[in-house]
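Working notes, beginning with the structure itself.
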Amino acid sequence: MKTRITELLGIEHPLIQGGMAWVAEACLAAAVSEAGGFGIIGAGGAPAQFVEEQIRKCRAMTDRPFGVNIMLMNPEADEIAQVVVREGVKAVTTGAGNPGKYMAAWKEAGVKVIPVVASVAMARMMERAGADAVVAEGMESGGHIGSTTTMALVPQVADAVHIPVIAAGGIADGRGVAAAFMLGAEAVQMGTRFVVAQESIAHDAYKKKIIGARDIDSEVTGMSHGHPVRQLRNPMTREYLKKEKAGASFEELEQLTLGALRKAVMEGDTVNGTLMAGQIAGLVSREQTCKEMIEEIMGQAAGLLGNRAM
Ligand code: TUI
């Protein structure tokens, strides 16, 4: 399927992988790119040197283009912004902030810039700043979220900007892709389904929680201090939400989540870990290779869309 995004990124399918901290490392990104999507290394909270190593590892695993997601609250975001330039990465996506200060350097180096936005205002600002595309991410997504749903956000962003829009949040099969295209998107970003990919290094216990999840099994923590995070309900979220309701301070709440994503992804700690996942986890029913997933999803989408998006 050809869209402005497949042209921009030099990929076969208009499908990019979310920049999930800890999960989105070189092996997953390479597998997605090898399957014709756009794989992404998620810098999360990692040091710049680790990101550089992951880029080199990914390049050794695939000749196809891939990108890096920079979580802008990372204390080493400035250094990582330089690493992607030095390494000649095809594209960056950014999350949890405004990447404006890096834009000039990235554009000059020919790095395509795709900020993740959760509002129309932010999408407009990013277009004015020179972004090549935006990911419009609805609050169905896992991890740090805004407050608007994908269904409402994507068409409003598509009307507000001229650059291509990538829809994210609540998409895990070909129906979601087709729906996103109907809303004006020219590609989709998927996270939750790729957590359970065979090539994903996420711990088996975390994968099993996603596969076993129902539609209603995610919770949003951190709403009270302005940093809402969607994750699967577990003893940690129960404790967190109880404390949050009782008016606990940011510092007290932070104690519960420090290092908790690593615990979930690397150690399979489903009790104390942060099991980030989107609302669509209920639809994710089995582990497959990235190639199997992408072929299945794009086949379903093509069947639904017919010639419309070709
Ligand atoms: O960034 C994400 N998702 C994330 S980041 C993350 S890191 C983390 N967070 C908590 C605990 C452990 C690790 C996990 N998930 N998605 C993209 C996204 N960006 N969603 C919302 C935004 C966003 C929000 C506000 C973008 C810009 C913005 O305002 C920018 C500004 O400063 O005006």
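Computed from the C-beta positions of Thr149 and Ala104, the FRET efficiency with R₀ = 41 Å rounds to 0.80. For a test of the definition: using alpha carbon positions, the gyration tensor, and the 1.5 limit on a/c, classify segment 27-97 as rounded, prolate or oblate. Prolate, since a/c reaches 1.5 and a/b exceeds b/c.
Over the chain, what is the mean sequence separation of C-alpha contacts under 8 Å (at least six apart), divided by residue count, expressed as relative contact order in percent? Working shown, then result.
Working: 694 pairs, mean separation 53.4, N = 310.
Relative contact order comes out at 17 percent.
Over segment 184-310, accessible surface divided per residue gives 48 Å², non-protein components excluded, 1.4 Å probe. Only Cα pairs under 8 Å and 6+ residues apart enter the sum, and on that basis the relative contact order of segment 21-66 stands at 47 percent.
Can you tell me how segment 101-173 classifies by the Cα gyration tensor, rounded, prolate or oblate, using a/c under 1.5 as the rounded cut? Mind dumping the intermediate values first?
Values: a/c = 2.12, a/b = 1.74, b/c = 1.21.
Since a/c reaches 1.5 and a/b is larger than b/c, the shape of segment 101-173 is classed as prolate.
Under a model in which nothing but the beta-carbon of Lys, Arg (+1) and Asp, Glu (-1) is charged, the chain shows a dipole of about 340 debye around its Cα centre. Within the accessible area of segment 134-230, what % is carbon and sulfur when the probe is 1.4 Å and the other protein chains stay in place? About 54 percent, which is the carbon plus sulfur part of the accessible surface.
If you roll a 1.4 Å probe over segment 1-90 with all protein chains in place, what percent of the accessible area is carbon or sulfur? Provide the component values of the computation, followed by the final result.
Working: 1760 of 3480 Å².
Of all accessible area on segment 1-90, carbon and sulfur atoms account for 51 percent.
If r is the Cβ-Cβ distance from Leu258 to Glu87 and R0 is 35 Å, what FRET efficiency results, to the nearest 0.05?
Values: r = 30 Å, r/R0 = 0.85.
Between Leu258 and Glu87 the formula returns 0.75.
Do any of Lys57/Lys263; Lys107/Lys207; Lys57/Lys101; Lys101/Lys208 go past 32 Å between their Cα atoms, and which? Walk me through the intermediate numbers first.
Details: Lys57/Lys263 24 Å; Lys107/Lys207 37 Å; Lys57/Lys101 28 Å; Lys101/Lys208 40 Å.
Beyond 32 Å between Cα atoms: Lys107/Lys207; Lys101/Lys208.
With both bridge residues required to lie in the chain, what share of the DSSP beta bridges run antiparallel, to the nearest 5%?
Details: 7 of 33 bridges.
So the antiparallel bridges amount to about 20 percent of the total.
Placing +1 on the Cβ of every Lys and Arg and -1 on the Cβ of every Asp and Glu, with no other charges, gives segment 1-57 a dipole of roughly 120 debye about its Cα centre.
Taking the Cα-to-Cβ direction at Gln49 and at Glu79 and moving 7 Å from each Cα, how far apart do the two end points lie in nm? Placing both labels 7 Å beyond Cα along the Cβ direction yields 0.8 nm.
Could you work out the relative contact order of segment 171-310, using alpha carbon pairs under 8 angstrom and six or more residues apart, expressed as a whole percent? Spell out each step's value before the answer.
Values: 201 pairs, mean separation 53.3, N = 140.
Relative contact order, segment 171-310: 38 percent.
Sort the chain into rounded, prolate or oblate with this rule: let a ≥ b ≥ c be the square roots of the eigenvalues of the Cα gyration tensor; rounded if a/c is under 1.5, and if a/c is not under 1.5, prolate when a/b is larger than b/c, oblate otherwise. In terms of gyration-tensor shape, rounded.
What FRET efficiency do you get for Arg124 and Lys2 if R0 is 30 Å and r is their Cβ-Cβ distance, rounded to the nearest 0.05?
Values: r = 26 Å, r/R0 = 0.88.
So, using R0 = 30 Å, E works out to roughly 0.70.
Per DSSP H run of n ≥ 4, the term is -39500 (n - 2.57); total these for the chain, divide by its residue number, and report the mean residue ellipticity at 222 nm rounded to 500 deg cm²/dmol. Working shown, then result.
On the way: 14 runs with 132 residues, N = 310.
Result for the chain, helices only: -12000 deg cm²/dmol.
The values are calculated or read from the model by the stated rules, or taken from the named source; none is laboratory data. Quantities reported herein were computed from a predicted structural model and do not represent experimental measurements. Counting neighbours? That spans all protein chains shown, and the Cβs are built from the backbone with ideal geometry, glycine included. Heads up: the accessible areas ignore ligands, DNA and RNA and are worked out on the full protein's heavy atoms, side chains in. Shrake-Rupley method; radii C 1.70, N 1.55, O 1.52, S 1.80 Å.
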